[in-house]
Every structure is written in structure tokens, then in C-alpha cells.
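Below is one structure, written out as C-alpha cells, with a few remarks after it.
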Amino acid sequence: MMTKTAESIQHAIQTAKPALSDAANTIAGEIPDRAQGNPQEKLPSAGQLPSAGLVLASSSPFRRELLARLGVAFQILHPEVDESPLPGEAPEALALRLSEAKARAVADAFPDALVIGSDQVASVGGRTYGKPGTHDKAVAQLRALSGKTVHFHTGLCLLDTRATPAISYLRCVPTLVTFRELTEARIEAYLEREPAYHCAGSAKSEGLGIALIARLEGSDPNALVGLPLIALCDLFLEAGFDPLAH
């Protein structure tokens, strides 16, 4: 026969089981969304990740999609950064400065995280091309890049806010892009179907913009899309985080 104390303990255990089961189901249900980079949820501590996890300082759906391929949970926050070049600033320097500026723009909200910032600048003939922003500027860019080999500089910053002050790991990944000869009709037809007004060079290589390109040359096909994953994995390892150990 059970004592009253034993009966009380058994009753407490039976009462707790449903709550524990609900909690487990809730946690299991959250993990897939976090792996997709749901910006509305906080990340759990796991493996070698800092307590705030990974943060992508970007509003680009293409960078989000690329980072999600690594299968690591992350958060997203849009950085407010003036992307105007400084007087005499070289394209590579501009891409690196803006990538770090984007990471630092959201760093205060994540004091124990690895924050990723990236930016891209195109250049040819000593002239720099950023995001056109408007249809007329996109037309002008494609007209100027027609038949030319263009250097795309993709800047990457991994900001480790666990350190005081925060440590910046930087990399710039170059890609050479040779554009086809583009007529006014082809330029207009492309922009009507795919208005690439927020892409340096006014063309999306991951979309219909590939029809404007004759040749690509680079070490990472993801760099031209906006997030060089090979370089990012290098920076992860430098910062002490291995995606394969997560």
C-alpha cells in the first residue's frame, strides 16, 4: 500500500506529463522555422553558436535563401546604411566598408552573436556601379555595361559581438562577368520582366538576367548572387564556429 507521500509524488508526476509533452512539441515545431531564418523568433543556444546565434544584416531574399542552405538557424534584421561611396573610394574598399557597416548597424541589438553583412559593387573602366534604384538608371547601367567585362566585388563581414570591442572578419570575393551586346530593345524587355533595380549592375544572374551574360569567372558562384558561402564558411571557422558541428 502506498503512503500518502508516495501517492502525492505520483500524482505530481502524472500532472506534469501533459505540460512537458506540450513543451516538447512546441520546441520541435519551432526548429524548422528558425532554420529558415524566421526574423520574428529568438534563437536557442546550440553547439558552438553564441547565445544570440547568427544574424543576417540584410533585407535581401536572395541572401536569406543562400544562408538557409547551410542549415543553420539565423535571425534577420534590416540595416539602415547610407551606401553612397566616399570620394575616391575604390570599389573593393567600398564593398568591404558597406558590408561591415551593415553588420555594425544591427550589432547593438545582438550583443552575443555572429552578425553577417554583405554588399556588392560593380566596376569597369575606372567607374563604379551600385544599385540603380530606378528604371532609367538601370537602363543607363546596362547600356554602359553592354559587351564589357565587369568586375563584381562582393564584400563580406562576419562581426563577432561576443568580443569587446567586436571583432570584424572581412573578405572580398571578386567575380568577372562579361555582358552580351545589348540592344535597347533587349534591355527594355529584360527590365520589364525582371526590374533589377536593387542589384549592382542591374541584372540578376540567378534569374532572367543570366540571358544578358556571356561568361562568368569566379571562385564562388554564390558571390554574384550576393553572399559568397565559401568565404563565409572560412570566416565562420576563423571565428570558432563550424557549421558541420552544429
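Quick check: anything in region 184-205 in a loop (DSSP other than H, G, I, E, B), farther than 19 Å from PHE62 by Cβ and of a type in the set (Val, Ile, Thr)? No. Screening region 209-235 for residues that are open to solvent by 10 Å² or more (accessible area, probe 1.4 Å) and over 17 Å from PRO174 (Cβ atoms) and picking the one that is farthest from the chain's Cα centre (by Cα) gives ALA214.
Out of the residues in region 206-230 that are small (Gly, Ala, Ser) and touching an Asp or Glu at 6+ places or on another chain (Cβ under 7 Å), which is farthest from LEU56 (Cα to Cα)? The qualifying residue farthest from LEU56 (Cα to Cα) is GLY209. Failed condition for ARG162, given (1) open to solvent by 80 Å² or more (accessible area, probe 1.4 Å); (2) free of Cβ contacts under 8 Å to residues at least 60 places away in the same chain, with all others met? All conditions are met except number (2). Here VAL173, VAL150 are screened, and the one residue that is buried (at least 23 other Cβ atoms within 10 Å of the Cβ), β-branched (Val, Ile, Thr), modelled with pLDDT of 95 or more and under 23 Å from the mean Cα position of the chain (by Cα) is VAL173.
Can you tell me which residue is nearest to PHE74 (Cα to Cα) among those in region 116-167 that are outside any strand (DSSP E or B) and charged (D, E, K, R)? Among residues in region 116-167 that are outside any strand (DSSP E or B) and charged (D, E, K, R), the one nearest to PHE74 (Cα to Cα) is ARG162.
Go over the candidates GLY133, GLY126 one by one and state the one that is out of contact with any Gly (no Cβ under 8 Å at 6 or more places or on another chain), farther than 26 Å from LEU56 by Cβ and not basic (Lys, Arg). Every option except GLY126 fails the conditions.
Within the option set GLU238, GLU188, GLU206, GLU194, being open to solvent by 40 Å² or more (accessible area, probe 1.4 Å), over 30 Å from ALA113 (Cβ atoms) and not basic (Lys, Arg) holds for one residue only, GLU188.
Only residues that are touching a residue at least 60 places away in the same chain (Cβ under 8 Å) and part of a helix (DSSP H, G or I) were counted in region 214-232, giving 7. Annotation note: of ALA189, ALA203, ALA214, ALA196, the sole residue that is more than 20 Å from SER123 (Cβ to Cβ) and not hydroxyl-bearing (Ser, Thr, Tyr) is ALA189.
The values are calculated or read from the model by the stated rules, or taken from the named source; none is laboratory data. Just so it is clear, the model here is predicted, and its values are computed rather than measured. Ideal geometry is used to build each Cβ from the backbone, glycine not excepted, and the neighbour counts take in all protein chains shown. For accessibility, only protein heavy atoms count, side chains too; no ligands or nucleic acids. Shrake-Rupley method; radii C 1.70, N 1.55, O 1.52, S 1.80 Å.
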